[in-house]
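Novice: What follows is a structure written as structure tokens; I'll ask about it next.
No lab work stands behind these numbers, since they all come straight from the coordinates. Worth saying up front: this structure is predicted, and the values here are computed from it rather than measured. Heads up, the Cβs are rebuilt from the backbone with ideal geometry, glycines too, and the neighbour counts pull from every protein chain shown.
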Amino acid sequence: PGPEPGTLDYDPRLVKQETLLKPKVMEIGEAEIIFKHSEYDPWTEVEVVKMLGGIYTVGDNSMLGGKVVAEVGFMEFSPYAFLKWDMV
């Protein structure tokens, strides 16, 4: 976020980045996906054809160096600028 409410320090960037995974616990099992309607996210339009399973992990992850591959203007990004909560 920028210093003033409703602003960003710079335009949102898409960054290509590698992550080093060091799992300590890994559990594999059955899983179910339930998509809930969101005005800003079209996931409910996706049909789950075959659920293969799920994985639960606990461990240490290291984010390695990255590279900016794209940038988009704030106003184009703003409908998607929420932290996993739907806006009402």
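Novice: Work through the residues other than Gly59 whose Cβ is under 9 Å from its Cβ and net out their charges, Lys, Arg +1 and Asp, Glu -1.
Specialist: +1
Novice: Run through every distinct alpha carbon pair of the range 13-80 and return the Kirkwood hydrodynamic radius in angstroms, one decimal place.
Specialist: Taking the inverse mean of 1/r over all distinct Cα pairs, the range 13-80 comes out at 15.8 Å.
Novice: At 7 Å along Cα-to-Cβ for each site, give me the label-to-label distance between Asp41 and Met75 in nm.
Specialist: Modelled inter-label distance: 2.6 nm.
Novice: Please order Asp41, Asp11 by the number of other Cβ within 10 Å, starting at the fewest.
Specialist: Asp11, Asp41
Novice: Here's another thing I want to ask about it. Helix-only estimate, please: 222 nm mean residue ellipticity of the chain, summing -39500 (n - 2.57) across DSSP H runs of length 4 or more and dividing by its residues, to the nearest 500.
Specialist: Mean residue ellipticity, 222 nm, calculated: -500 deg cm²/dmol.
Novice: Shifting gears a bit: I need the calculated FRET efficiency for the pair Lys24 and Leu52, taking r as the beta carbon distance and R₀ as 35 Å, to the nearest 0.05.
Specialist: 0.90
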